[in-house]
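Okay, so here's the structure we're looking at.
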Amino acid sequence: MHPILEVLLEILKFTLPALIVFITVYQLMKKFTESQIRMKVLENQKNQSDQTLPLKLQAYERLAVFCERISVPNLISRLKTSRMTVKELQGAMMIAIQQEFEHNVAMQIYVSESLWKIIELAKNQTTAIVAEANAGLNDQDNSELFAEMVLKKQYEQNLIPVDHARAAIKKEVQLIL
């Protein structure tokens, strides 16, 4: 045999097994590294969900309190005084609804978009009920008449917006738990 061919065969005897071992080790290390990265990502996701779940639950609690605070009977009992006029009570109710909404607007980042739209709808419908309830009343009439009209208008329309919002909050909380 030719001496160059012999040298070449000798080189192949050592390099071929070394190359096979290298490729095998490389593949094993690559799979090991990928699995470690996947495990780390899963661990980070679990830690993140453990941290965000309490924040989400607090957001749902705040929105439930918001619904309670803007419900018409609660607004009336909290804001009405015997000396108020229709215009004063109506203005106080509108301001209270808007302030409550503004106080809770940041909660939208923790809840679904559809739930937030329901919350906005509840606020808007409650505001509309309060705005429309003074029909036929004089602005200087006693606030007692206005309070009765607001409640009557809400029940006539069979529209209690905060009840729908509360139900949507409960449903979404059940989904995440």
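The values are calculated or read from the model by the stated rules, or taken from the named source; none is laboratory data. Keep in mind the model is a prediction, meaning the values are calculated, not measured. Glycine gets a Cβ as well: all are built from the backbone with ideal geometry, and neighbour counts include every protein chain shown.
Looking for something under 22 Å from H164 (Cα atoms), part of a helix (DSSP H, G or I), of a type in the set (A, V, I, L, M) and touching a residue at least 12 places away in the same chain (Cβ under 8 Å) - is there at least one such residue anywhere in segment 82-92?
The answer is no, given that none of the residues of segment 82-92 is under 22 Å from H164 (Cα atoms), part of a helix (DSSP H, G or I), of a type in the set (A, V, I, L, M) and touching a residue at least 12 places away in the same chain (Cβ under 8 Å).
Quick test for you: out of L63, L55, pick the one residue that is assigned to a helix (DSSP H, G or I) and either of a type in the set (D, E, K, R) or more than 18 Å from D163 (Cβ to Cβ) (or both).
L55
Are any of the residues in segment 115-127 surrounded by fewer than 19 Cβ atoms within 10 Å (Cβ to Cβ), of a type in the set (G, A, S) and either in contact with a strand residue (DSSP E or B) (Cβ under 8 Å, 6 or more places away or on another chain) or in a helix (DSSP H, G or I) (or both)?
The answer is no, given that none of the residues of segment 115-127 is surrounded by fewer than 19 Cβ atoms within 10 Å (Cβ to Cβ), of a type in the set (G, A, S) and either in contact with a strand residue (DSSP E or B) (Cβ under 8 Å, 6 or more places away or on another chain) or in a helix (DSSP H, G or I) (or both).
With the condition kept exactly as written, say whether any residue in segment 64-71 is modelled with pLDDT under 95, under 27 Å from the mean Cα position of the chain (by Cα), surrounded by 12 or more Cβ atoms within 10 Å (Cβ to Cβ) and among the polar types (S, T, N, Q).
Checking segment 64-71: at least one residue is modelled with pLDDT under 95, under 27 Å from the mean Cα position of the chain (by Cα), surrounded by 12 or more Cβ atoms within 10 Å (Cβ to Cβ) and among the polar types (S, T, N, Q).
Would you pick out the residues in segment 76-114 that are among the polar types (S, T, N, Q), surrounded by 13 or more Cβ atoms within 10 Å (Cβ to Cβ) and either closer than 21 Å to L137 by Cα or under 19 Å from the mean Cα position of the chain (by Cα) (or both)?
T85, Q90, N104, Q108, S112
Out of all the residues in segment 142-165, is one or more more than 30 Å from the chain's Cα centre (by Cα), crowded, with 20+ Cβ neighbours inside 10 Å and of a type in the set (S, T, N, Q)?
Yes, there is a match, as at least one residue in segment 142-165 is more than 30 Å from the chain's Cα centre (by Cα), crowded, with 20+ Cβ neighbours inside 10 Å and of a type in the set (S, T, N, Q).
Quick check on segment 57-67. Is at least one of its residues under 22 Å from E132 (Cα atoms) and of a type in the set (D, E, K, R)?
No, segment 57-67 contains no residue that is under 22 Å from E132 (Cα atoms) and of a type in the set (D, E, K, R).
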